[in-house]
Structures are given as C-alpha cells and as structure tokens.
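Let me begin by presenting the structure, written as structure tokens, before commenting on it.
The values are calculated or read from the model by the stated rules, or taken from the named source; none is laboratory data. All values reported here derive from a predicted model rather than from experimental measurement. Don't worry about glycine lacking a Cβ; one is built from the backbone with ideal geometry, like all the others, and counts go over all protein chains shown. What goes into the accessible areas is simple: the full protein's heavy atoms, side chains included, and nothing from ligands, DNA or RNA. Shrake-Rupley method; radii C 1.70, N 1.55, O 1.52, S 1.80 Å.
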Amino acid sequence: MKNQIKKVVLAYSGGLDTSIILKWLQDEYKCEVVTFTADIGQGEELESARKKALSLGIKEKNIFIKDLKEEFVKDYVFPMFRANAIYEGEYLLGTSIARPLIAKTQAQIAIQTKADAVSHGATGKGNDQVRFELGYLAFNPDLKIIAPWREWDLNSREKLLAYAKKHNIDISKKKGKSPYSMDANLLHISYEGLVLEDPAHAPEEDMWRWTKSPKKAPNESEIIELEFEKGDLVKINGKKLSPAKLLEKLNELGAKHGIGRLDIVENRFVGMKSRGCYETPGGSILLKAHRAIESITLDKEAAHLKDELMPRYAKLIYNGFWFSPERIMLQALIDESQKHVNGKVKLELYKGNVMVIGRESAKDSLFNAAYSTFEEDEVYNQKDAAGFIKLNALRLIIAGKSGRKF
C-alpha cells in the first residue's frame, strides 16, 4: 500500500504522537503530508501547530487549522445532552463526541486536497481508532487509512520520546517523564497513563488542570440561572450567548467551584478495562440542569422511555457510531421529546456540588399543585386509587388464588 499513497491528511495536534507521526509518514510512505488541526476548544495556541508543521517541512498550503468550536457545541454536544447521555453511569463522553466532527472534517479536507489517505494518532488498543475510522468511512469509503500505532514498533511513550530526540522534534515534557495521555476540548479534559495505570493509586493533585480542588473552592456558594429552549441551553443568568460561549461560561463557573472531576474504570469498545480521569465542569452543570427542566416539562412515559434508550444512545457515541442510521433515528426521537423542554432552572454551586434549587416553565410545565398537594383539593378523588390498585394487582390476585408461591 505504501507505494500507492501520494498524499495523506493527518489529524495533527502538534503534540508528541502526531509530531512523530508526521515525520514517520514522510520517511516511511515518502508521500506528501497535509496537516489538519481542529480547534474544538482545547485551550491551546494552535498557531504553534502551524509553526511545528512548517519546521517539519509541510507546505503552508497543506496546513489546515479550522475553528470548529461553535459547530462542535451546537451540532454535537447539545444534541447529546438532549439525551442526558452518560456511558456506564458516569462518563459524559467528552472525547467520544469530538471524534465524529474531527473525522468528518478531515475526510472533507482529503476530498478537497485530492488526498489518497488519512491518518490519525490513535493507538491500536483504544476506542479512538474506531471512532475516527468509522467517521472517515462514512464520508469517503475509498480513503486509505494509515494508523501508525498498528504498524510501527514505537510502542511506548519512552520510545516515542527517544524517536523525537533522535529526529530533533520539539515536544513538551513533564519533569523528564513522558506526559499523561491527555485529550481536551470545550466539553472536557481527560488523563490516562503513568500512575493512573494502577486503579488503586489516587491521582496526583497537580494532574488536574482545569478545576479547583473542592477543598480549595470558595467557601461561599453561587446561585446561577440557566434557561432552555427545546432542550438546549440558551441563556446563563439572563444573558444570551452562542453555544460555544455558553459552554465556556459553564466551564468557568464549574472550575471555580471544583465541579466535574471524575475518576473511573471504563470498558473500552475493544474489550479491555481502562482507568481514566476527567474534568467536565460545564457538562456536569448542564446535565443536572437539563434533567431538572425535563422533570417538569416531560410526560412521565416519555421521560421513562428516554431513560431506557439513553444507555443505548450513549454506547453508540462511545463506540463511534455517531453517523450510524440507528443513532440518527434515536436522535429524531430524542429531539421530538424536547419540543416542550422550555424554562429556567436555578442551581447552587458549592465545593464540587451542583444542587437544583428551583425550576419553572411558564408555558410547558406539567407540574400541577392542585393534583399533588397534601392539602385539600377539588380535582382528585382519592377513592379512585382503590380501583387502580385492584386492576394493577389482578394478575397477582389470580396467581395467589392458584396457590403459586413467589
């Protein structure tokens, strides 16, 4: 295949792995390399990626840096949060939801530049290789895919560092050791490797980059108000902002109050268990608020059906099937459920906690105090409950009369 590749588009961050991959592609495939760097809010100065690519011999016309922050939040993060998606009960899918957008844009650049192939820095052990490649193949099935981690013998961080030193590739290191494997975007930052490979070992406090320790968070709580329209956040404290700016503001609030730290062992798509740490400050606030506004605006059975479907939806995202027909079908159902998810939620933020202290929806609330009150009412006949219980118990009564033992 190497002789067939004339041009390849590399998903390029300018970090350790992809800088080495860039050089490796040039040496091993003898092909023209196009770099694509996606700005999805990782908080880094992306012009450094341009300079590094230029220093490694990439032509200016072959360097693509795209600001995808608004598209990322509007078309990927917000649809996912309409579903309240969580993988295995805890993970808010911060890395998973970014990969489809990167893969789609990379495939589009491959078409634009008439490239034969695409390449990524995901390892052969992880989930990202699947997520990237499913995205590529969904948009351009004829693309060749180069996954260096499945080809080369640079199978450790230390070997990568040695390769970088040999070829004078500038990379940032942490006190002489290989750094954590990290991924960041507007929704989260993740950490893997080093001491985290022992699930019994607590994370080092200086590992966390975004959030204050809850112990050092302000001693005074902060009350905020979030407003939703059709299931999407539109305002914070009465101020309307773009989707990306809204998430940026939530991240700022969450980080200040020590919200969103997570230490989990998850089951990767390829089958192994993996320990990772995550910071998702804004997402943690958003999830709590969205469920709160749904609690007064969603019909009971619609809400329960959403909760039943959510693990399936989350698993599709985790496993890389964002562009699959079944995810799109589920999204249509979820979006239909959000037509009346409108209103405001008040939250109190304090030392790692997000507490709902109020929710209201002037037009769409299904909460009716006349029915649920403990005081005297004129709309509900409590005697009706006796027949309701008997009808629901009928099969149990029949089984009991037959002598069946439970």
Open item on the list: If I go through region 20-35 residue by residue, how many of them are closer than 17 Å to H167 by Cα, touching a residue at least 60 places away in the same chain (Cβ under 8 Å) and either of a type in the set (A, V, I, L, M, F, W, C) or in contact with a Cys (Cβ under 7 Å, 6 or more places away or on another chain) (or both)?
Closed with: 4
Task: Single residue of region 197-246 satisfying the filter (among the hydroxyl-bearing types (S, T, Y) and loosely packed, with under 14 Cβ neighbours inside 10 Å) that is nearest to E348 (Cα to Cα) - done: S213
Task: Failed item, numbered, when N342 is tested on (1) in contact with a Pro (Cβ under 7 Å, 6 or more places away or on another chain); (2) farther than 23 Å from Y87 by Cβ - done: (1)
Task: Looking only at region 129-150, and only at residues there that are open to solvent by less than 10 Å² (accessible area, probe 1.4 Å) and without any contact (Cβ under 8 Å) to a residue 60 or more places away in the chain, the one that is nearest to the chain's Cα centre (by Cα) - done: Y136
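Please report, ordered by residue number, the strands (runs of 3 or more DSSP E) entirely within region 213-279 with at least 1 residues that are in contact with a strand residue (DSSP E or B) (Cβ under 9 Å, 6 or more places away or on another chain) and free of Cβ contacts under 8 Å to residues at least 60 places away in the same chain.
Here the list reads 232-236, 273-279.
Let's see how each residue does on (1) touching a His at 6+ places or on another chain (Cβ under 7 Å); (2) part of a loop (DSSP other than H, G, I, E, B); (3) modelled with pLDDT under 95; (4) not small (G, A, S):
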{"position": "E326", "(1), (2), (3), (4)": "no, no, no, yes"}
{"position": "D335", "(1), (2), (3), (4)": "no, no, no, yes"}
{"position": "V379", "(1), (2), (3), (4)": "no, yes, yes, yes"}
{"position": "F388", "(1), (2), (3), (4)": "no, no, no, yes"}
{"position": "I397", "(1), (2), (3), (4)": "no, no, yes, yes"}
Task: Qualifying positions in region 352-377 - open to solvent by 50 Å² or more (accessible area, probe 1.4 Å) and modelled with pLDDT of 95 or more - done: N353, M355, I357, R359, E360, A362, K363, L366, F367
Open item on the list: Restricting to region 282-294, name every residue that is out of contact with any strand residue (DSSP E or B) (no Cβ under 7 Å at 6 or more places or on another chain) and under 24 Å from R131 (Cα atoms).
Closed with: G282, G283, L287
TODO: Take region 210-239 and flag every residue that is over 16 Å from K74 (Cα atoms) and basic (K, R).
DONE: K212, K215, K216, K239
TODO: Please work out which residue is most open to solvent (accessible area, probe 1.4 Å), limiting yourself to region 316-348 and to residues that are among the basic types (K, R) and out of contact with any strand residue (DSSP E or B) (no Cβ under 9 Å at 6 or more places or on another chain).
DONE: K339
Open item on the list: With without any contact (Cβ under 8 Å) to a residue 40 or more places away in the chain, small (G, A, S) and closer than 30 Å to H257 by Cα as the only criterion, which of G352, G343, G358 stands out?
Closed with: G358
